Amino acid sequence: MAYMDESHSPDDPWLALVVGNSRLHWGAFSGDRWQGSWHTPYLSKHQLAHLRAGGFKPSLWSDLAMATPLQPTGLPWPEFWVASVVQPQANLVRDVCQDYPGLHLVTLSQVPLTHTYPSLGVDRALALVGAGAVYGWPVLVIDGGTALTLTAGVNQGLMGGAILPGIALQLRSLHDATDQLPPMTGQILTWPARWARDTPTAMASGILHSLVAGVADFIMTWWQDFPGGQVVITGGDGPTLLAGLNHRDQELASRLTYDPDVVFWGLRLCRQETVDRSDLGLS
């Protein structure tokens with residue numbers, strides 16, 4: 001799809017969507033300028049069609065009892081950039097919005113990152129190039145989502161990474177796979193004692209202390225290989241990870257960067273490269 005027609009400008013407001021494993025992550029830009037992000041549950045076909053029919057105007061979100069997005073003009077976005085590793089929601093967006101004039105479905109091949117492999121999630125690739133573009137290379141991105149992922153890159157190329165179950169997924173698996181352990185919902189608001197005296201705290205202790213110890217080990221190994229390397233933490237569980245790392249090692253935690261929107265910097269980079277190609281007359 002061509003980047004823009006004669007009525008579009010690189011400085012126009014545009015809408016970004018990253019489909020996560022548990023919810024939808026939305027972002028708004030005016031050209032390269034960041035306006036803000038918001039998050040919603042997955043949308044039904046009816047809800048998405050309602051938004052699409054009105055050009056995703058901010059007033060339409062309140063009709064669905066969802067967070068109102070930030071958008072400077074109040075007019076429909078001329079461009080809609082979407083990245084997803086969740087196929088059903090990606091298919092829904094494509095089917096409902098296929099005639100949207102400014103729709104761009106971003107795939108792994110479009111992310112300016114070398115040394116990738118076919119099954120690498122586009123969200124991980126976008127977060128990595130976004131972190132590299134903003135904070136510099138080499139960089140390690142730790143994303144505390146449904147899955148906790150660690151993705152490392154050097155010179156705008158993927159070095160490698162690791163994946164493990166996220167905090168909520170680990171807690172849920174304990175309940176689902178055992179007879180006596182209770183369900184635990186919501187965020188863990190206080191850091192658990194290591195030696196717990198009740199079952200919920202014991203579950204939180206076992207998961208959080210061991211998870212944070214593992215993440216700290218990855219970080220220290222990263223810094224052994226790249227002493228000046230950046231470490232960026234993102235994702236819904238990012239604050240919990242930061243709190244745990246600070247509880248464990250304040251000096252280590254002081255060198256970390258928390259950026260909940262780093263994946264959007266990757267989408268912005270994809271758009272910038274498309275603008276550059278358009279300016280050069282390339283398809």
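At a glance:
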{"read-out": "Complete set of residues in the range 101-121 that are part of a loop (DSSP other than H, G, I, E, B), more than 15 Å from Leu17 (Cα to Cα) and either open to solvent by 70 Å² or more (accessible area, probe 1.4 Å) or of a type in the set (Ser, Thr, Tyr) (or both)", "value": "Pro101, His115, Thr116, Tyr117, Pro118, Ser119"}
{"read-out": "Any hit, the range 223-245, residues being in a helix (DSSP H, G or I) and among the aromatic types (Phe, Trp, Tyr)", "value": "yes"}
{"read-out": "Some residue of the range 161-178 being under 25 Å from Pro227 (Cα atoms), free of Cβ contacts under 8 Å to residues at least 60 places away in the same chain and among the small types (Gly, Ala, Ser)", "value": "yes"}
{"read-out": "Answer from Gly144, Gly130, Gly136 - the residue that is out of contact with any Asp or Glu (no Cβ under 8 Å at 6 or more places or on another chain) and under 25 Å from Val212 (Cβ atoms)", "value": "Gly130"}
{"read-out": "Matching option when the condition is assigned to a loop (DSSP other than H, G, I, E, B) and among the β-branched types (Val, Ile, Thr), among Thr190, Thr201, Thr149", "value": "Thr190"}
{"read-out": "Some residue of the range 122-143 being open to solvent by 10 Å² or more (accessible area, probe 1.4 Å) and at pLDDT below 95", "value": "no"}
{"read-out": "Members of the range 246-266 found to be assigned to a helix (DSSP H, G or I) and either closer than 22 Å to Ala193 by Cα or open to solvent by less than 20 Å² (accessible area, probe 1.4 Å) (or both), listed by number", "value": "Asn246, His247, Arg248, Gln250, Glu251, Leu252, Ala253, Val262, Phe264, Gly266"}
{"read-out": "Within the range 199-238, tally of residues that are modelled with pLDDT under 95, open to solvent by 50 Å² or more (accessible area, probe 1.4 Å) and either among the β-branched types (Val, Ile, Thr) or in contact with a Leu (Cβ under 6 Å, 6 or more places away or on another chain) (or both)", "value": "1"}
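The values are calculated or read from the model by the stated rules, or taken from the named source; none is laboratory data. Being a predicted model, the structure only gives us computed values, none of them experimental. Note that we place each Cβ from the backbone using ideal geometry, even for glycine, and neighbour counts take in every protein chain shown. Side chains included, ligands, DNA and RNA excluded: accessible areas come from the protein's heavy atoms. Shrake-Rupley method; radii C 1.70, N 1.55, O 1.52, S 1.80 Å.
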